[in-house]
Amino acid sequence: MAHPTLAVVTGGAGFIGSHTVDKLIAAGHRVVVLDNFSTGKRANLAQHAQSDRLTIVECDVGHGIFAALAPVTAKYGPVERIVHLAAQVSVVSSVANPMTDMQINYGGTLHVLEYARASGVKKVVFASSAAVYGEVTTLPVAEDIHLQPMSPYGIDKLSSEYALDYYANVHGVPTTALRFFNVYGPRQDPTSPYSGVISIFSDRAKAGRPLLIFGDGGQTRDFVFVGDVVRAIVSALGDGNSRLIANVGTGQEISVKELARTIVELCGNKSPIQHAPARAGEILKSRARVDRLRDQLGVVAETKLVDGLRATLA
Ligand code: NAD
Ligand code: UD1
């Protein structure tokens, strides 16, 4: 984006959101974080406490965003761009509580899109997920294969993509859906049993505690560093594309058991590796095809896993 813009980041106090805010503010944009702090933290944004370019609005994305944003637009003018990240992020939690998941994730997206339509927003970038694919037979997985989500979370993300497409097609709201694979990096919260595996393993390995693998550990994931994900978000926010759907991954996969071994090794201690039954609704293999990310958004996720893990452990 050549000119400073007013961007709303829903979920901006969370892991990916706070890194997105850092990047947008560093590039000179004005940012409004809209977050209900269910998992996000004010501490993730403390580095901007003195900045007059950040406004924090505490609000549920599914309730009253028009009223919550009105004082900000009265002061700074209309919202030009929205990064929609606010969500319940756990696949496991969505299996246990599908109705709550649907309300937050799909309902939240509809509220954001209604706001974008009514306010003439120039771009909405949405955090979709590799979970829309379900179990696939061909790797790396390309965006245009048949989609068969295996969890309520995957269904929400796919439904949200359809809603984005509808608002773009019928109401002229420019949209991009980014299908994040497994994002990791500093500030990913390890404290919940539903947290991302790298944050949990790192936290445990640093303390010399056991690492628990669900299933035999042969399941693979494409782990992508948060800095690379933020570059994709910012690129999508400023480009002229609409109705683009693109994977955001590295094109590489690693098994969970190899990941566990690598993290224990990097920590230089002797955390034991234990096993528990596999989780319901889980996919076994995951690896992104990344041509679209490179060709349409000009982004290559180049952070090597070992470098990203070192940054996370630090
Ligand atoms: P996170 O939990 O750190 O961030 C989510 C943020 O949304 C938090 O700040 C939380 O407080 C906020 N939030 C949740 N419900 C809300 C609501 N109803 N109203 C307002 N705010 C609300 O998780 P994250 O890993 O940063 O995920 C960000 C987005 O990326 C999510 O949409 C997630 O589904 C998606 N995603 C993440 C990954 C990953 O590996 N981390 C992979 C694919 C997609
Ligand atoms: C993750 C994201 C989800 C995203 C999806 C995209 C989180 C919490 N979830 O789901 O938002 O849409 O990627 O691909 O960030 N595991 C263990 N031990 C643990 C924790 C996990 O063995 O202590 C295993 C899991 O069984 C799974 C793998 O590690 O096989 C990854 O799990 P997790 O980090 O929860 O992510 P996903 O379910 O892939």
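The values are calculated or read from the model by the stated rules, or taken from the named source; none is laboratory data. Only a predicted model underlies this, so the values are computations on that prediction, with no experimental measurement involved. Cβ: placed from backbone, ideal geometry, glycine included. Neighbour counts: every protein chain shown. Surface accessibility is based on the protein's heavy atoms, side chains included, excluding ligands, DNA and RNA. Shrake-Rupley method; radii C 1.70, N 1.55, O 1.52, S 1.80 Å.
Per-structure values
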| read-out | value |
| --- | --- |
| Three semi-axes of the equivalent ellipsoid, region 93-168, Cα gyration tensor, whole Å, largest first | 24, 17, 8 |
| Acute angle (nearest 10 degrees) that the helix 197-206 long axis makes with the longest principal axis of the chain, alpha-carbon atoms | 60 |
| Nearest-ten-degree value, helix 108-119 long axis tilted from longest Cα axis of the chain | 20 |
| Relative contact order (%) - the chain, alpha-carbon pairs under 8 angstrom, separation at least six | 18 |
| With at most 13 neighbouring Cβ atoms within 10 Å, loop GluC sites (Glu not before Pro) (DSSP) excluded, longest segment of the chain | 136-301 |
| Integer Hz, Karplus 6.51/-1.76/1.60 couplings in order for region 42-49, x for Gly and Pro | 4, 4, 5, 10, 4, 5, 9, 4 |
| For the chain, accessible area per residue (1.4 Å probe, heavy atoms of protein chains only), Å² | 44 |
| Candidates 273, 65, 155, ranked by Gaussian network fluctuation over the chain, Cα under 10 Å, top entry | 273 |
| Degrees separating the helix 65-76 axis from the principal Cα axis of the chain, which is the longest one | 60 |
| DSSP beta bridge pairing in region 161-265, given as percent antiparallel to the nearest 5 | 20 |
| Amide H within-cut-off set for residue 251, under 5 Å, with H built and near neighbours excluded | 288 |
| Signed unit charges on C-beta, dipole axis of the chain, positive-most listed residue 99, 172, 55 | 55 |
| Surface accessible to a 1.4 Å probe, residue 100 within the full protein complex, Å² | 70 |
| Accessible area, probe 1.4 Å, largest first, for residues 138, 303 | 138, 303 |
| Loop-exposed trypsin sites (Lys or Arg not before Pro) per DSSP, neighbour cap 12 Cβ within 10 angstrom, longest uninterrupted part of the chain | 1-269 |
| J(HN,Hα) series, region 287-297, from Karplus relation 6.51 cos²θ - 1.76 cosθ + 1.60, nearest Hz, glycine and proline x | 7, 7, 7, 10, 4, 5, 4, 6, 7, 8, 10 |
| Semi-axis lengths (Å, descending) of the ellipsoid that matches the C-alpha gyration tensor of region 248-314 | 27, 19, 7 |
| Of 160, 88, 77, farthest towards positive along the dipole that unit charges on Lys, Arg, Asp, Glu beta carbons give region 67-182 | 77 |
| Student exercise, region 132-237 dipole from Lys, Arg, Asp, Glu Cβ charges, in Debye to nearest 20 | 500 |
| Listed residues 186, 125, 141: farthest to the positive end of the dipole of the chain (Cβ charges) | 186 |
| Gyration tensor (alpha-carbon) shape descriptor, the chain, a/c threshold 1.5 | prolate |
| For region 115-216, alpha-carbon Rg over 2.2 N^0.38 Å | 1.37 |
| Dipole moment magnitude, nearest 20 debye, the chain about Cα centre, only Lys, Arg, Asp, Glu C-beta charged | 600 |
| In order through region 159-165: 3J(HN,Hα) via Karplus (6.51 cos²θ - 1.76 cosθ + 1.60), integer Hz, x for Gly, Pro | 4, 5, 4, 4, 5, 4, 5 |
| Whole-number Å³ per residue for the convex hull built on Cα positions in region 158-226 | 131 |
| Heavy-atom accessible surface of the chain: percent carbon and sulfur, 1.4 Å | 53 |
| Nearest-20 debye value, region 52-120 charge dipole, Cβ charges on Lys, Arg, Asp, Glu | 180 |
